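Novice: Below you'll find the structure I mean.
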Amino acid sequence: HIFEKEVLKKKYFFSHKLKKMDNPFLNAHSDVLKAEPETEEEKASLVDELKERAKKAFKTRDMAVCDALYSKALLVKADATLYANRSAVRLTMGRTLDAKYDATEATKNDKNYSKGWYRLGQACEKAQLFSEAVSAYETGKALEPSSKVWPAALERTKKARIDFEEEKKKEPEKKVQNEPVYEISSRLKRQVDAESAAKKKAVKAKENTSKDGQEDDDENINGMRGYKIDSQGRKTTYFNNELDENTKKLIGDIAPKKIHADILPNTSRPDGASAWNLAGTFEERNHITWVKNWVRHKFKSELLVELPPMPLAESFIPRLLTITEIKDVRGDASTAVARGKKKYVLDLAVDLSWSFQTDATNPKSIASGTASFPDISADAIHDADPLDCIVSVDNTTPQNARAVVDSHIKSETQGLRPAVLELCTKLLTDFRASK
């Protein structure tokens, strides 16, 4: 319900925002995006043109343009097909909430439209609403009993739900496992406190019983080996050297003194130098730990590579390249201050693993491999040329995936390599801004 309320807010304001939004695609498609048809014939003609342009934008992976074109078509004349197509676009863009709303609207417009139920199942599965996803797939299966799409989708959802529930169980197990440790620590603390209190009580009792004989002990202290009484009547070690007045005068006043600001030397230093480096001499700092953490986090969360969609019946399913593991990050990342100038040194090598699905009807049909980028440096990033990349493909990869590997993983112009270059440019910017 929260999903639908948020999406409804966006729906009512889209028409108003479309006229004011300042995006590059408005120049190319302003003729249709700003058109105001009046007759039913004009509306039908405009919707056909919008659908044709949206299909071309989807093939070129220009999802923002595709979303705007379908949205305009829905404002002119809404139907189940348009809602289902826009749901697929928005799911590709990562807008799961919007995709679920569109798929729901598609099923409301036409309950017998099987693709609408498939889009709803996809969106719910992505949002981890597994019960709703299964319900949507079952409805679609009832409409198309002979299709192989529905058993594969139900099997995929079942596996995703099991993985999700197992991951959810791990946290309570950790808490139960740690509870006995806390109980033992608390019991040991009480035992130590009790022993400490008993010792203090015994010491106090001993002091009270020895007050009467204290004078006798002071008289006999000189007979004890290794101790003596100083000029102030305190018991001290025999080797403690007590200074007389003449010696104190010779030494002078050696007590610590506060340093006032008016006698401090000039503390100005070159930009980037440490507080002790007032002369601005050579100084180097190592930041490789910060860079490694940045790469491992950003490459997993922000490296988005769109692949050609998978054919399914009479439509296509969008898919993305998954970065399964950052295997190694090595090299040098440091800053150096010399002659008052700060220099940044960045020279890395990154190894990662990738995978993607090759068959929409078979979730186990996976292509996988590794990609190594041996030269990620400031010079290579500034040149804006494709980064050097060594790609290896696992033996288990199906033959029908080789074309996608060549066009979107090994290619210099699209896919993985341009995406890594763009992310490395951001790395260089963040490195210089924070260090």
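The values are calculated or read from the model by the stated rules, or taken from the named source; none is laboratory data. This one's a predicted model, so the numbers in the text were calculated from it and none came from an experiment. Every residue, glycine as well, gets a Cβ built from its backbone with ideal geometry; the counts of neighbours run over all protein chains shown. Only protein heavy atoms, including side chains, enter the accessible area calculation; ligands, DNA and RNA are left aside. Shrake-Rupley method; radii C 1.70, N 1.55, O 1.52, S 1.80 Å.
Novice: Can you run down the residue pairs with Cβ atoms below 8 Å, 6 or more apart or on separate chains, where the first is in the stretch 346-363 and farther than 13 Å from Arg330 by Cβ and the partner is among the charged types (D, E, K, R) and buried (at least 17 other Cβ atoms within 10 Å of the Cβ)?
Specialist: Listed pairs, sorted by first residue: Phe356/Arg319; Gln357/Arg319; Pro363/Arg156.
Novice: In addition: Looking for whichever is among the basic types (Lys, Arg), crowded, with 24+ Cβ neighbours inside 10 Å, over 28 Å from the mean Cα position of the chain (by Cα) and assigned to a helix (DSSP H, G or I) here; the options are Lys100, Lys115, Lys141. Which one fits? Quick ask: steps written out before the conclusion?
Specialist: Numbers: Lys100 fails: over 28 Å from the mean Cα position of the chain (by Cα); Lys141 fails: crowded, with 24+ Cβ neighbours inside 10 Å.
Lys115 is the lone residue from the list that is among the basic types (Lys, Arg), crowded, with 24+ Cβ neighbours inside 10 Å, over 28 Å from the mean Cα position of the chain (by Cα) and assigned to a helix (DSSP H, G or I).
Novice: Continuing with the same structure: Looking only at the stretch 82-97, count how many residues are assigned to a helix (DSSP H, G or I), of a type in the set (A, V, I, L, M, F, W, C) and either farther than 21 Å from Glu314 by Cα or over 28 Å from the mean Cα position of the chain (by Cα) (or both). Give the steps one after another, and end with the answer.
Specialist: In the first step, residues of the stretch 82-97 are kept if they are assigned to a helix (DSSP H, G or I); the result is 82-92, 96-97.
Subsequent filtering for residues that are of a type in the set (A, V, I, L, M, F, W, C) retains 82, 84, 88-89, 91, 97.
Restricting the remaining residues to those that are either farther than 21 Å from Glu314 by Cα or over 28 Å from the mean Cα position of the chain (by Cα) (or both) gives 82, 84, 97.
Here the count works out to 3.
Novice: Would you check which residues across the stretch 418-433 are touching a residue at least 60 places away in the same chain (Cβ under 8 Å) and under 19 Å from the mean Cα position of the chain (by Cα) and list them?
Specialist: Ala419, Val420, Leu423, Lys426, Leu427, Leu428, Asp430, Phe431 - these are the residues of the stretch 418-433 that are touching a residue at least 60 places away in the same chain (Cβ under 8 Å) and under 19 Å from the mean Cα position of the chain (by Cα).
Novice: Further, regarding this structure: Show the residue pairs meeting these rules: Cβ distance below 8 Å; 6+ apart or different chains; first residue within the stretch 400-417 and touching a residue at least 12 places away in the same chain (Cβ under 8 Å) and crowded, with 21+ Cβ neighbours inside 10 Å; second residue assigned to a helix (DSSP H, G or I) and hydroxyl-bearing (Ser, Thr, Tyr).
Specialist: Note: pairs meeting the criteria are Gly415/Ser407.
Novice: For the stretch 332-370, name all the residues that are open to solvent by 30 Å² or more (accessible area, probe 1.4 Å) and closer than 22 Å to Pro151 by Cβ.
Specialist: Gln357, Asp359, Thr361, Asn362, Pro363, Lys364, Ile366
Novice: A follow-up question, please. Can you give me the number of residues within the stretch 238-252 that are surrounded by 10 or more Cβ atoms within 10 Å (Cβ to Cβ), of a type in the set (S, T, N, Q) and not in a helix (DSSP H, G or I)?
Specialist: Number satisfying all stated conditions: 1.
Novice: Of all residues in the stretch 311-321, which are within 13 Å of His408 (Cβ to Cβ) and either surrounded by fewer than 17 Cβ atoms within 10 Å (Cβ to Cβ) or free of Cβ contacts under 8 Å to residues at least 60 places away in the same chain (or both)?
Specialist: The answer is Arg319, Leu320.
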